[in-house]
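Any read-out appearing in this document is the output of simple, stated calculations on the displayed coordinates, not a laboratory observation. Since the structure is predicted, the reported quantities are computational estimates derived from the model, not experimental observations. As a convention, Cβ positions derive from the backbone with ideal geometry for all residues, glycine included, and neighbour counts pool all protein chains shown.
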Amino acid sequence: MALIDLHTHSTVSDGTETPEELVATAAAAGVTTLALTDHDTTGGWDRAAAVLPRGMRLVRGAEFSCVSPTGRPATPGDKATVSVHLLGYLFDPEHPAIVAEQRRLVAERVERLRKMARNVSADYPQLDADRVFDLVPEGTTPGRPHLGRALVAAGVVESVNEAFAGILRTGSKYYEPKTDTPVERAVEMIVEAGGVAVFAHPLARRRGRVIETSVLADLARIGLSGVEVDHPDHDPADRELLRGVAAELGLVPTGSSDFHGTNKTTPIAAETTAPDALDELLAKAAGVDVVEGA
Ligand code: AMP
Ligand code: FE
Ligand code: FE
Ligand code: ZN
């Protein structure tokens, strides 16, 4: 039976399992097609491919940090833009625009996490801001979950979840923004690099403000191929809404766990993609191949 999980993270970004461990976890869960989609990096691709067991397929991808129009007019309580995530699959990892943008985003994330760590340690001196990057090996995309783990280690909070509910929350007094890629540009870059673009968790409302579905229509016109429908952060009503929008716009509906190891509670393959949806996505890709375990 096919078991397809198209959105997972390793220690190359903010997951807690190495790419090798992630592949083993997926194999143990019976996953037949796994996509590795670390934030703003392709750094885990070769490591995952190297340990792929026979019978498993690896779809190499990344999750791009983007900024999108909300699709609503700006009001005092609602800016006109919102931070969103875009999944890119099977793009050429050496495409110059992608290489340059990923490098810029990682540098931006390093600086921003350093600032947040300093902001927090001013109020919680138990946190040694200079040690936060001990948890972020060279070549890793840093994110708030790394600071969350440092806060747990320092005894400031009991869990990463608790950190996200307070100190790390978007808009908390410790929060620092980063400059993400315009989502329209990210779609174009992925397509130029032969990849396919899928809008990640568009209605993940518990993370904050979300887009109107009219934005998906605008992106579909410039090359968006799919939309994540079944995602742990989507409630049943929003899944139905998105399934309808996807059908209407000709977007491929996907389902994924967004596995982050122990940084989140969702197990791998908790949500999955239908085999025909995967085939439709793969048929659009012209960058790198799917890796077959041997
Ligand atoms: P950043 O990319 O640095 O802005 O941090 C956001 C990341 O934190 C996202 O990739 C999420 O996967 C992750 N995240 C969001 N909420 C939580 C949570 N409650 N626990 C753990 N990780 C989370
Ligand atoms: Fe993440
Ligand atoms: Fe995401
Ligand atoms: Zn993700």
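Per-structure values
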read-out: Highest-first arrangement of 115-121, 238-244, where packing means the average Cβ count within 10 Å; value: 115-121, 238-244
read-out: Long-range HN-HN contacts of Thr81 with modeled amide H, under 5 Å; value: Thr70
read-out: Phi to ³J(HN,Hα) by Karplus 6.51 cos²θ - 1.76 cosθ + 1.60 over the range 84-92, Hz, x for Gly, Pro; value: 9, 10, 10, 8, x, 10, 6, 8, 5
read-out: DSSP-defined beta bridges in the range 23-103 - what % are antiparallel, rounded to 5; value: 60 percent
read-out: Proxy reagent accessibility, fewest Cβ within 10 Å first, across Tyr124, Tyr89; value: Tyr124, Tyr89
read-out: Percentage relative contact order, the chain, counting C-alpha pairs under 8 Å, at least six apart; value: 26 percent
read-out: Label-point separation, Tyr175 to Arg205 (7 Å along Cα→Cβ), nm; value: 1.8 nm
read-out: Net charge over other residues, Cβ less than 14 angstrom from the Cβ of Val99 (K, R count +1; D, E count -1); value: -3
read-out: Selection of GluC sites (Glu not before Pro), the range 49-106, meeting DSSP coil and at most 12 other Cβ within 10 Å; value: Glu94
read-out: Euclidean distance between Cα centres, the range 53-105 to the range 166-241, Å; value: 8 Å
read-out: Listed residue (Pro69, Tyr89, Pro53) projecting farthest to the positive dipole end of the range 38-112, Cβ model; value: Pro53
read-out: Karplus 3J(HN,Hα) series, Hz, for the range 250-264 with 6.51 cos²θ - 1.76 cosθ + 1.60 (x for Gly, Pro); value: x, 8, 6, x, 10, x, 7, 7, 6, 4, 10, x, 7, 5, 9
read-out: Helix-only CD estimate at 222 nm, as mean residue ellipticity for the chain, using -39500 (n - 2.57) per DSSP H run (n ≥ 4); value: -10500 deg cm²/dmol
read-out: Within the chain, percent of DSSP bridges classed antiparallel, to nearest 5; value: 45 percent
read-out: Separation of the Thr81 and Met1 label points, Cα + 7 Å toward Cβ, nm; value: 4.5 nm
read-out: Nearest-20 debye value, the chain charge dipole, Cβ charges on Lys, Arg, Asp, Glu; value: 800 debye
read-out: Cβ-based net charge around Ser13, under 9 Å, with every Lys or Arg adding one and every Asp or Glu removing one; value: -4
read-out: Net charge of neighbours whose Cβ lies under 12 Å from the Cβ of Arg221, counting Lys and Arg as +1 and Asp and Glu as -1; value: -3
